[in-house]
């Protein structure tokens, strides 16, 4: 009797779909993945919907509505393993900028009839609502890292993800430090690795699309940026991009608000 394939589900909440597209962009690897699992639920890629429970759920997007807050509970209940994908699911995403202001002001500025908009006052990561087994960082995630996480769970082992900063990736690639050599406000020293130091490799400053590394010294980096003549509002913007809702970046941005 043939062994049943593990069930894979991919869920979307508030996001731009970029994380799901990363999975679809795996090209040749996607064919291998499709042969190893049963893609039970993935609206971006298929109309089929196989009921749970699911062996692995990949969750894309932040929680911004009461409906999503209820649905993510159901996803957790029906999933053996739940992994979040990208900045939105792991830290609230760009939409976490609403957490620093009055969301009703945004609604009034964007929608002609804001009274029809039902939304929460904050954009929060999945982990604020349910236990999460693994977080795949990035905006969007790195394709190879995403595949390694899926492969690890299919093999019954814990995935191995970087726990160091982008600076180490720069050194491994032989890059000249853009902060030291060019005076660019690079967020690499406080940002989790995973992108392969993509921006510094092309002589651009890292803008922290993989979020804060473990124990980031954000205050020290801000002091270095002040030496580059950056103003307080510029520092706020540097820490309020893709991972504005991450605790370390949130606290550092608030420290520079007037």
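Please treat every number below as a calculation from the coordinates, not as lab data. The structure presented is a predicted model; accordingly, all values stated were derived computationally and were not measured. Cβ atoms come from the backbone with ideal geometry, glycine included; neighbour counts cover every protein chain shown.
Output the direction-averaged projected area (hull surface divided by four) of the convex hull of the alpha-carbon atoms of the stretch 67-143, in nm².
6.0 nm²
Go ahead and run the numbers for FRET between residue 105 and residue 4, Cβ-Cβ distance against an R0 of 51 Å, rounding to 0.05.
0.50
For the stretch 88-144 and the stretch 149-167, what is the separation of their C-alpha centers, rounded to whole Å?
The distance from the Cα centre of the stretch 88-144 to that of the stretch 149-167 comes to 25 Å.
What's the Cα-based Rg to Rh of the stretch 107-148, Rh via Kirkwood?
1.19
With label points built 7 Å along Cα→Cβ from the Cα atoms of residue 214 and residue 78, find their separation and express it in nm.
Those two pseudo-labels are separated by 3.4 nm.
Cut-off 10 angstrom, C-alpha nodes, Gaussian network model of the chain. Which of 95, 155, 234 fluctuates the most?
For the chain, modelled as a Gaussian network with Cα springs under 10 Å, the answer is 155.
At q = 0.16, 0.22, 0.24 Å⁻¹, what is the log10 ratio I(q)/I(0) for the stretch 1-59, with the Debye formula run over Cα points and no solvent?
-0.50, -0.93, -1.08
At q = 0.12, 0.26 Å⁻¹, what is the base-10 log of I(q)/I(0) for the stretch 166-254 according to the Debye formula with one equal point scatterer per Cα and no solvent? Please give it to two decimals.
Log-scaled intensity ratios, in q order: -0.31, -1.42.
Just to be sure I follow: if Rg is taken over the C-alpha atoms of the chain and Rh is the Kirkwood radius over the same atoms, what is Rg/Rh?
1.00
On full extension of the chain, what length is gained from residue 97 through residue 160, given 0.36 nm per residue of separation minus the C-alpha to C-alpha distance?
19.6 nm
Determine, for each peptide in 196-203, 172-179, 104-111, the mean count of other beta carbons within 10 angstrom over its residues, then list the peptides with the highest first.
My ranking of the peptides, most packed first, is 196-203, 172-179, 104-111.
For a label point 7 angstrom out from the Cα of residue 17 toward its Cβ, which stretches of the stretch 108-137 have the backbone nitrogen within less than 12 Å?
none
Would you work out if the stretch 7-154 is rounded, prolate or oblate? Take a ≥ b ≥ c from the square roots of the eigenvalues of the alpha-carbon gyration tensor; rounded if a/c is under 1.5, else prolate when a/b is larger than b/c, oblate otherwise.
Because a/c hits 1.5 or more and a/b exceeds b/c, the stretch 7-154 counts as prolate.
Between the stretch 1-49 and the stretch 194-236, what's the alpha-carbon centroid distance in Å?
The stretch 1-49 and the stretch 194-236 have Cα centres separated by 34 Å.
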